[in-house]
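The values are calculated or read from the model by the stated rules, or taken from the named source; none is laboratory data. Quick caveat: nothing in here was measured; it's all calculated off a predicted structure. Cβ atoms come from the backbone with ideal geometry, glycine included; neighbour counts cover every protein chain shown. Note: areas computed on protein heavy atoms with side chains; ligands, DNA, RNA excluded. Shrake-Rupley method; radii C 1.70, N 1.55, O 1.52, S 1.80 Å.
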Amino acid sequence: MKLEFTSQGRGRAVVLLHGFPLDRSLWLHQREALSARCRLILPDLRGHGASPAPPGAYTMDELADDVIELMDDLGVTEPVIGGMSMGGYVVLSLALRFPREFRALLLINTRAGADTPETARVREDLAQLVEGQGSPQSVVDAMLPKLFAPGTYAEQPALVEQYREQMLRTSPLGVAGALRGMAIRPDRTPDLARIALPTLVVAGQGDQLIPISESQKLARGIAGAELAEIADAGHMAPCENPSAFNQVILDFLDKLP
Ligand code: MLT
């Protein structure tokens with residue numbers, strides 16, 4: 001599937017995949033800072049933003065295959081590949097199935113484990129609600145109170161509102177497809193030991209959706225992985241504390257040969 005995307009800057013390619021039910025605007029605060037040093041490629045994943053939203057469950061492998069197609073179309077070879085949350089599930093699919101296609105990994109506010117049966121049931125209930133209502137409202141209502149670190153709601157209300165509005169614009173079919181795909185994603189924990197790419201794990205210290213212990217487990221599971229914890233940030237670390245976030249990414253990119 002052809003994805004819509006933004007490409008900005010020159011040099012080493014860095015592909016960043018947003019989380020659910022977000023779009024490439026997640027990376028607004030990375031665009032200037034990172035594209036000064038590399039070529040940033042920011043797709044909207046299937047079902048999100050301006051990319052097509054077909055019916056059906058979107059497996060993480062399918063979302064990953066869309067990214068490979070985009071890389072082929074752009075002639076991009078061996079990029080650094082990064083993903084936030086659901087985008088991180090897609091990065092793990094890419095790293096495990098196409099290890100030679102990538103230079104390094106950025107795993108941002110994400111986890112290796114699969115859904116519990118209870119979480120998978122909740123996702124199916126939400127998918128049916130979203131389809132029935134023809135709106136992502138119930139998902140946004142469920143996620144928004146936990147999307148940011150507790151302090152961000154008072155300190156950056158305009159940011160919270162910006163992403164509330166963005167999530168509400170996501171296609172109901174896309175939201176349902178991603179929920180069902182995440183619910184059937186495999187547990188990648190036993191596979192982490194096979195990853196031999198330079199890896200940076202990044203996590204907002206106040207992540208209320210994916211506890212920081214999950215990022216610590218990821219970093220322990222991948223040989224040589226570094227862990228960077230971002231203060232004053234939650235699940236949306238790239239936009240809650242962009243200066244700290246961008247600095248750890250740039251430091252990591254600088255160290256790559
Ligand atoms: C995300 O931010 O992409 C989602 O919270 C991931 C998930 O629901 O597992």
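Please compute the Kirkwood hydrodynamic radius over the chain, one decimal place, Å, based on all pairs of different Cα atoms.
It works out to 17.9 Å.
Taking Cα pairs under 8 Å and at least six residues apart, what relative contact order does the chain come out at, in percent?
Computed value for the chain: 22 percent relative contact order.
Can you give the Kirkwood hydrodynamic radius for the range 66-131, in Å, rounded to one decimal and based on Cα pairs?
Answer for the range 66-131: a Kirkwood hydrodynamic radius of 13.5 Å.
Evaluate E = 1/(1 + (r/R0)^6) for Gln205 and Val122, where r is the Cβ-Cβ distance and R0 equals 30 Å; express this FRET efficiency to the nearest 0.05.
The calculated FRET efficiency here is 0.75.
Please list the non-local residues whose amide H lies under 5 Å from the amide H of Ala228, H modeled 1.01 Å from N, same-chain partners needing a gap of 5 or more.
Val201, Val202, Ala203
Which whole-number percentage describes the relative contact order of the range 1-108, with Cα contacts under 8 Å and a sequence gap of 6 or more?
Value for the range 1-108: 32 percent.
Of the peptides 14-21, 75-82, how do they stack up when ordered by the mean number of other Cβ atoms within 10 Å, highest first?
By packing density, highest mean first, the sequence is 14-21, 75-82.
Taking only C-alpha pairs under 8 Å that are 6+ residues apart, what is the relative contact order of the range 130-224 in percent?
This gives 34 percent for the range 130-224.
Kindly provide the Kirkwood hydrodynamic radius of the range 1-76 in Å, to one decimal, from all pairs of distinct alpha carbon atoms.
12.7 Å
Go through the range 82-96 residue by residue and turn each phi into a ³J(HN,Hα) via Karplus (6.51, -1.76, 1.60, θ = phi - 60°); whole Hz please, and just put x for glycine and proline.
x, x, 9, 6, 4, x, x, 4, 5, 4, 5, 4, 5, 5, 7
Once the whole set of protein chains is in place, how much accessible area is left on Leu159, using a 1.4 Å probe, in Å² to the nearest 10?
Rounded to the nearest 10, that gives 10 Å².
Going by amide H atoms built from the backbone, whose H comes under 5 Å of the H on Ala13, apart from near neighbours?
Arg39, Val80
List every residue whose amide H lies under 5 Å from the amide H of Met236, counting only residues 5 or more places away in sequence or on a different chain, with H placed 1.01 Å from N in the peptide plane.
Under 5 Å from the amide H of Met236 lie the amide H atoms of Ala149, each far enough along the sequence or on another chain.
Between the range 101-141 and the range 219-243, how many Å separate their Cα centres?
Computed from Cα coordinates, the inter-centre distance equals 20 Å.
Cut-off 15 Å, label point 7 angstrom out along Cα-to-Cβ of Asp115: give me the residues of the range 45-66 whose amide nitrogen falls inside.
Correct set: 56-61.
Please work out how much length the chain gains when fully extended from Gln247 to Ala50, using 0.36 nm per residue of separation minus the C-alpha to C-alpha distance, in nm with one decimal.
Fully extending the segment from Gln247 to Ala50 adds 68.0 nm.
Using only alpha-carbon positions, what ratio does the radius of gyration of the range 153-242 give when scaled by 2.2 N^0.38 Å?
Dividing the Cα radius of gyration by 2.2 N^0.38 Å gives 1.29.
Using a ≥ b ≥ c from the Cα gyration tensor of the range 201-257 (square roots of the eigenvalues), is it rounded, prolate or oblate, where a/c under 1.5 gives rounded and otherwise the larger of a/b and b/c decides, a/b for prolate?
Here the range 201-257 falls in the oblate category.
Given Cβ point charges of +1 (Lys, Arg) and -1 (Asp, Glu) and nothing else, what value in debye, to the nearest 20, does the dipole of the chain about its Cα centre take?
Once rounded to the nearest 20, the dipole reads 500 debye.
Counting helices only, and only those DSSP H runs with n ≥ 4, report the 222 nm mean residue ellipticity of the chain as the sum of -39,500 (n - 2.57) divided by its residues, in deg cm²/dmol to the nearest 500.
Helix-only estimate at 222 nm: -14500 deg cm²/dmol.
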